[in-house]
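Written below as C-alpha cells is the structure these notes are about.
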Amino acid sequence: MIPSHAPFSPEQSASLSALVSGLSPEQSSWLSGYLAGLGSTVSTGPVNLTVAYGTESGNSEELAARTVKAAKGKGIKAVLKNLADLNPADLAKAENLAVIISTWGDGEPPETVEGFYNTFIKESPDMKGLRFSICALGDTSYEKYCEIGKVFDERLEKLGGERITAREDCDVDFEEAYSAWLDRFLSELGGGGPVAIAQASATSAVEYGKKNPFPSEVLDNVLLNGEGTAKETIHVELSLDGSGLDYQVGDALAVIPLNAEDVISDILKITGFSESEEVEHKAFGKTSLGDALRNKLDITGLSRAVVKKFLALSPNAELDTLLSDESKAEFAAWIWGRQIVDLIEAFPIEGLTAQQLVSILRKLPPRLYSIASSPKAHPGEVHLTVAAVRYEGHGKGRKGVASTFLADEMPVGEKVQVYVHTNKNFRLPEDDATPIIMVGPGTGIAPFRAFVEERAERKASGGSWLFFGDQKYNFDFLYQLEWQDYLKNKALTKLDVAFSRDQPEKVYVQDVMRRNAAELFQWLERGAHFYVCGDAERMAKDVHEALIEIVSEYGKLSAEDAAVYVADLKKDKRYQRDVY
C-alpha cells in the first residue's frame, strides 16, 4: 500500500502497509488529521544561520564562505560575517552561529580580529538562546594548537550559549576535518545529508589549485647575496603558463616540497625499515614507505602532538615526565633543533613497525611564500624571495624542508608543484594616489617588490616609502639595483635602510623609523597605508612599538591614545601585516 517512491526504508514501508491495511475508515481519518496537525506543530520555518570568521591568511574566510554556500544549498538562510566588523553583542543576536577561526602563532588571535577578541574575553553579553558550533584552524606544531577556537567554544558556553555540535580542531591540512564538521553541523541544523564539498568542473579542462597543484617550471634560480655573506637568499622565478592561475600583489604562493634524501636515509637507517614496505595513512591511503617519507609526510617537524602519539605506542617514564604540564619549558627546550629522527633515536621502541611510524606523522604541509612579483610586470610568471634555512642542532646539520628543496633541488628546468593562496588582508590601496609606507627587512622585502612593480605599472601618483634592513650593505642589499632604478624613475619615493652588522651598534628598521619619525607621522596624517612583512617574533613587535611611540610623540598623544590611533589604522585597513 506504500508507493515505492515514498521516503521510507523497505522495513518502514512494510510496517506502515501492515498498519494501514488494518485500519477502519474512521481510524484512517483520525490518523490523517493527527499527522497533519503534528506536522504543523513541529514546523519551525526557515533556519537562520550566521557564519562568522576570523582569519589571518585567508583560510578561515574561505571555509566560512563555503559553509554559507553549503548551508544555502540545504535551504538554510545563511549570512557571512567578519568578526572584525562585529562586537560581542552582535553574536548574541544570532539564532544559530558557526564560528570559523584560526589561531595565529602560538595561541594568538588573528590580527584582523584582535580588537573583537580582546573585548569578547572581557565583556559578558548574555548568549542564552544562541546555538553555536566552532570550527578551529591551527597547526599542531605549536604548543597552543587551535587555542583561539577553544577559547571561543568555552566562552560562548559560559555565557549561556548552547553547543549544536562539538568543536572541530583542524590542522594545517584541514579539508577532511572541516568536511566532517560541516556534515555534522548542517545535519543538526536540519540541513539534510552529507555536503558535497568538491564541485565538478563545468568543462573538461584541467583546473589547478589547492587540490590539484600546478607543475610549474623553474625559469630562474639565483643567489641574491654577495660573496662573504652569512645569509643564503635566493630569487626563484616560476612559470604559470598553461596553469589558469592568477594572483594579486599581496598574495602568497604555496609550494609543495619533497623531503630531502639524506633525511629519509637517516630515518630508514635508524629504524631498519625498507622503502618497499606497504603502509597506509588516512590522508592518502596505501603506498610504499619510501613514497610516504619522500612525498607525503612531515618527517622533520617535532611537536607535542607527534611526541604524544609516539609515547602512546610504548610507555616511557622519562618521555611521560617531559610531556607533563609542569615540564613545558623543558619540553620546548628539548625539541628545539631536534627532528623526528632524534625522537626515535633518543627513545627507541622495540618492535616499532613502519605502519606505527607512519601513523604518528601528519601530512606534509605546503609552505607559503609571499609573492615577490606583479602579474602586470611579469605576465605568466610568479617570483619568490626565499631564505634557505640551514643550522646546527645537537651536533647535526639541519635544514628547512621547502627552502632548501628550492635552493638545492630546483635548478632551471625542473618543475615544482604550486598553487596560489589568496591573502585579502594584505592589499594595496584601491586609490593609486594614496601614499604607502613599507617595512620589510630580509625576505620581508618580497611583497614590497611586488607592490612597487605594480604601482609602477599602474603609474600610481601616491608616494611610496620603503624601509629595508639586513646584515651587511655589501652582501645583503636584496634587489639593490632595482630599488635604485625605481628611485630614479620616481616609482619609489623614498628608501631608508638599516644594516645591522656594518657598525659596532646594531641598527634595525625600527631604529631608522624613529630617525624619520616626524616625516613618517606626516605621511600617516596624509592618509598613508602602513605595511609590515617579515619576522613576527621580534621585528614586527618592535616595529609596532616604534610606530606607537612615533604617533605618541608627534601626535602629542598619551601612550594609550597612541595605541588607539594605531588600532584604528588596523581597523581601517591602513595598517596591514604579513608576518610569520
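Values as computed for the structure displayed
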quantity	calculated
Among the candidates A89, A94, A65, residue that is more than 30 Å from A252 (Cβ to Cβ) and either β-branched (V, I, T) or in contact with a strand residue (DSSP E or B) (Cβ under 9 Å, 6 or more places away or on another chain) (or both)	A94
Residues of the range 224-244 satisfying the condition of being of a type in the set (S, T, Y) and at pLDDT below 95	T229
Residue identified as charged (D, E, K, R), over 22 Å from D578 (Cα atoms), in the same structural domain as A546 (by TED's automatic domain parsing) and free of Cβ contacts under 8 Å to residues at least 60 places away in the same chain among D485, D496	D485
Qualifying residue in the range 132-154 (condition: over 22 Å from the mean Cα position of the chain (by Cα), free of Cβ contacts under 8 Å to residues at least 60 places away in the same chain and farther than 22 Å from A65 by Cβ)	yes
Any hit, the range 553-561, residues being farther than 27 Å from L223 by Cα, out of contact with any helix residue (DSSP H, G or I) (no Cβ under 8 Å at 6 or more places or on another chain) and not in a helix (DSSP H, G or I)	yes
Every residue from the range 508-526 that is under 31 Å from the mean Cα position of the chain (by Cα) and outside any helix (DSSP H, G or I)	Y508
Some residue of the range 562-576 being part of a strand (DSSP E or B) and either at pLDDT 95 or above or closer than 23 Å to A252 by Cα (or both)	yes
Options T103, T140, T165, T119; residue that is within 14 Å of Y53 (Cα to Cα) and assigned by TED's automatic domain parsing to the domain that holds N82	T103
Qualifying positions in the range 261-305 - among the small types (G, A, S) and closer than 30 Å to K328 by Cα	A283, G301, S303, A305
Search result, residues across the range 321-343 that are surrounded by fewer than 18 Cβ atoms within 10 Å (Cβ to Cβ), of a type in the set (A, V, I, L, M, F, W, C) and touching a residue at least 60 places away in the same chain (Cβ under 8 Å)	A332
Flag for I101 being under 14 Å from S60 (Cβ atoms) and not small (G, A, S)	yes
Condition check for P375: more than 23 Å from T140 (Cβ to Cβ), assigned by TED's automatic domain parsing to the domain that holds N221 and either small (G, A, S) or in a loop (DSSP other than H, G, I, E, B) (or both)	yes
Residue match in the range 453-462 (condition: under 27 Å from R538 (Cα atoms), surrounded by 21 or more Cβ atoms within 10 Å (Cβ to Cβ) and either modelled with pLDDT of 95 or more or in contact with a His (Cβ under 8 Å, 6 or more places away or on another chain) (or both))	no
Index of the failed condition, E26 passing every other in (1) charged (D, E, K, R); (2) surrounded by fewer than 16 Cβ atoms within 10 Å (Cβ to Cβ); (3) over 20 Å from F120 (Cα atoms); (4) at pLDDT 90 or above	(4)
From the options V236, V307, V249, V255, residue that is crowded, with 19+ Cβ neighbours inside 10 Å, more than 30 Å from F448 (Cα to Cα) and of a type outside the set (S, T, N, Q)	V307
Any hit, the range 116-130, residues being modelled with pLDDT of 90 or more and part of a strand (DSSP E or B)	no
Residue that is farthest from K472 (Cα to Cα) [pool: residues in the range 489-507 that are over 31 Å from the mean Cα position of the chain (by Cα) and of a type in the set (V, I, T)]	T493
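One line per residue, one yes/no per condition, for (1) assigned to a loop (DSSP other than H, G, I, E, B); (2) of a type outside the set (V, I, T):
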residue	(1), (2)
V382	no, no
V386	no, no
V412	yes, no
Q417	no, yes
R427	yes, yes
E430	yes, yes
T434	yes, no
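So that you can scan it fast, the table gives a plain yes or no per residue for (1) over 22 Å from D572 (Cα atoms); (2) modelled with pLDDT of 65 or more:
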residue: S40; (1), (2): yes, no
residue: S43; (1), (2): yes, no
residue: L49; (1), (2): yes, yes
residue: G73; (1), (2): yes, yes
residue: K81; (1), (2): no, yes
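The values are calculated or read from the model by the stated rules, or taken from the named source; none is laboratory data. Keep in mind the model is a prediction, meaning the values are calculated, not measured. FYI the Cβ positions are ideal-geometry reconstructions off the backbone, even for glycines, and counts take in every protein chain you see.
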